[in-house]
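Q: Below are the structure tokens for one structure; questions will follow.
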Amino acid sequence: MAMAGPVTSNGPVALTRWLGQLKAALPIARLGVDPEGVHQLRVALARIRLWLWLGRWHALRDDVDWLRSAAAAARDIDVRASLGAGDGGHALRGNPAARRQLLAALSSPRTAALLEALPLLPPVPADTVRERTRELARRVCALGRTAERRPHDSGALHQLRCAVRRLRYALECRGLPAAEVTALQDSLGEACDCALAMARHGAPELALRRNKAERAALKQWYALKAPLRRLAVGRGG
Amino acid sequence: MELFVIRHAEAVPREEGRDDPERPLTPRGRKRWRQSVEGLDALGVGFDRLYHSPWLRAVETADALSTLLEGESVVTQTLATAPGAALLNELSGKCVAVVGHEPWLSELIAWLTAGETSAGKSISLKKGSVAWLEGQARPGKMKLKALMTPKVLRALRRRSWRRSSTG
């Protein structure tokens, strides 16, 4: 995965880049034609949420979570469509309720206030970002060990996926390489999405895809264990 | 509703080249406000909802209140302008805090207690002060229970420490 933008790994981390992604995703999500717009919106918000956590900000987290969850229903529909499961590709524009919820949130005063507040936040100091990244690496290590013992437990894999995603965003914030972490996140994502679709809609045809993704995730996890342990104790970046 | 109207803590002064919404708290403002929050905690204050203006000094002030918040925090532009129906319609909860700016907060207090914003001129709300109101969040329907200056809040904190150290 190519790193986004020239970022020093040792400097304070500003929100500018993620804000730019959010502002770029908003008009596409509003149009509702391209489901990728909703996906990019949620990714941008997840990154901003992680940045707030890095900076130990409590204010504005609830507002970001609220906007993300407003887009959640729309995103779930698109994921099901991409898996070819469940309601057979009931896309965003075909689901009026999800679309209305998303549009209402995007045009609400709360979103306007959030967009006014976010650019005013100062960069997170470098030592804070490093310390918080180590915390994330420790969490991934702990959840990875659980997933090793329970490689087919979708709950364990989901928790690991969320932790890996957060670590990936933190590494990207700091301009550190994140390709292997991203690959692990993608495999876990595939496994979890298949498991969810199978649980909700049957779809036994997804079992093979799920098993393949779980095996890939386990392999990637084993390759990452040592570097993550080093990162967790502050020797990896 | 119990409504705590909170003016942001001490912020850097206005200066050339910096927009007003960007002004952060001073280090002393941050430290003193944290102490004031401990004073509120000593009083047993907890909020089920917190509303704050999007301007940086209000965001920082609200951020420190997170230890007293049991519910959700909401950013709103209605606290970065003169008080109106939009703000009152937004407020919900039993014990609510709003963080904003002068002169609008004094106008809000006057509106909620006396029914008109112009009486706000006679209210002095220092930075880091907390006005505690009770009643229905509608014009003229609230009573002012207390107006706590930063000094009072910090004193409450010290008093709480002395109590806990003597057992």
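The values are calculated or read from the model by the stated rules, or taken from the named source; none is laboratory data. Small disclaimer: the values here were computed from a predicted structure and weren't measured. Please note: Cβ atoms are built from the backbone with ideal geometry, for glycine as well, and neighbour counts cover all protein chains shown.
Q: Considering every residue within segment A:126-138, establish whether at least one is of a type in the set (Ser, Thr, Tyr) and more than 14 Å from every other protein chain (Cβ to nearest Cβ).
A: yes
Q: Of all residues in segment B:7-52, which are under 26 Å from B:Gly71 (Cβ atoms) and among the hydroxyl-bearing types (Ser, Thr, Tyr)?
A: Passing the criteria: B:Ser36, B:Tyr51.
Q: Take the conditions surrounded by fewer than 18 Cβ atoms within 10 Å (Cβ to Cβ), modelled with pLDDT under 95 and under 30 Å from A:Arg235 (Cα atoms) and apply them to A:Asp87. Does it pass?
A: no
Q: Let me ask something additional. With the structure loaded, tell me whether B:Asp19 is surrounded by fewer than 20 Cβ atoms within 10 Å (Cβ to Cβ), among the acidic types (Asp, Glu) and more than 20 Å from A:Pro123 (Cβ to Cβ) or whether it fails that test.
A: So B:Asp19 fails the test.
Q: Exactly one condition in (1) in a strand (DSSP E or B); (2) more than 8 Å from chain A (Cβ to nearest Cβ) is false for B:Gly93; which is it?
A: (1)
Q: Just wondering, is there one or more residues in segment A:164-171 that are assigned to a helix (DSSP H, G or I), of a type in the set (Lys, Arg) and in contact with a Ser or Thr (Cβ under 6 Å, 6 or more places away or on another chain)?
A: yes
Q: Out of B:Ala9, B:Ala85, report the one residue that is within 14 Å of chain A (Cβ to nearest Cβ) and exposed (fewer than 15 other Cβ atoms within 10 Å of the Cβ).
A: From the options B:Ala9, B:Ala85, the qualifying one is B:Ala85.
To keep it simple, each residue is scored yes or no on (1) assigned to a helix (DSSP H, G or I); (2) surrounded by 23 or more Cβ atoms within 10 Å (Cβ to Cβ); (3) of a type outside the set (Asp, Glu); (4) away from chain A (no Cβ under 13 Å).
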| position | (1), (2), (3), (4) |
| --- | --- |
| B:Gly44 | no, no, yes, yes |
| B:Leu50 | no, yes, yes, no |
| B:Pro54 | no, yes, yes, no |
| B:Arg57 | yes, yes, yes, no |
| B:Thr67 | yes, no, yes, no |
| B:Glu72 | no, no, no, no |
| B:Thr81 | no, no, yes, no |
| B:Leu112 | yes, yes, yes, yes |
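Each row is one residue, and each column tells you yes or no for (1) among the acidic types (Asp, Glu); (2) more than 30 Å from A:Leu26 (Cα to Cα); (3) not in a helix (DSSP H, G or I).
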position	(1), (2), (3)
A:Asp186	yes, no, no
A:Met198	no, yes, no
A:Glu214	yes, yes, no
A:Lys219	no, yes, no
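Q: Going through segment A:115-127 one residue at a time, which ones are in contact (Cβ under 8 Å) with a residue 24 or more places away in the chain, surrounded by fewer than 19 Cβ atoms within 10 Å (Cβ to Cβ) and in contact with a helix residue (DSSP H, G or I) (Cβ under 7 Å, 6 or more places away or on another chain)?
A: A:Pro119, the sole residue that qualifies.
Q: Applying the selection to segment A:53-65, what residues are more than 8 Å from chain B (Cβ to nearest Cβ), in contact (Cβ under 8 Å) with a residue 24 or more places away in the chain and either part of a helix (DSSP H, G or I) or surrounded by 23 or more Cβ atoms within 10 Å (Cβ to Cβ) (or both)?
A: A:Trp53, A:Leu54, A:Val64
Q: If you don't mind, another one. Please work out if A:Thr128 is among the hydroxyl-bearing types (Ser, Thr, Tyr), assigned to a helix (DSSP H, G or I) and closer than 24 Å to A:Ala207 by Cα.
A: Judged against the criteria, A:Thr128 is not a match.
Q: Of everything in segment A:45-84, what is of a type in the set (Asp, Glu) and either at pLDDT 75 or above or on the phi > 0 side of the Ramachandran plot (or both)? Give them in sequence order.
A: Answer for segment A:45-84, where residues must be of a type in the set (Asp, Glu) and either at pLDDT 75 or above or on the phi > 0 side of the Ramachandran plot (or both): A:Asp62, A:Asp63, A:Asp65.
Q: If you don't mind, there's one more thing I want to ask. Could you say whether any residue in segment A:16-27 is over 15 Å from the mean Cα position of the chain (by Cα), modelled with pLDDT of 85 or more and among the β-branched types (Val, Ile, Thr)?
A: yes
Q: Name, by its number, the condition in (1) surrounded by fewer than 16 Cβ atoms within 10 Å (Cβ to Cβ); (2) over 21 Å from B:Ala62 (Cα atoms); (3) at pLDDT 95 or above; (4) of a type outside the set (A, V, I, L, M) that does not hold for B:Ser92.
A: It is condition (2) that B:Ser92 fails.
Q: Any idea which of (1) modelled with pLDDT of 60 or more; (2) in contact with a Lys or Arg (Cβ under 9 Å, 6 or more places away or on another chain); (3) more than 20 Å from A:Arg174 (Cβ to Cβ); (4) surrounded by 22 or more Cβ atoms within 10 Å (Cβ to Cβ) is the one A:Pro35 doesn't satisfy?
A: Unmet condition: (4).
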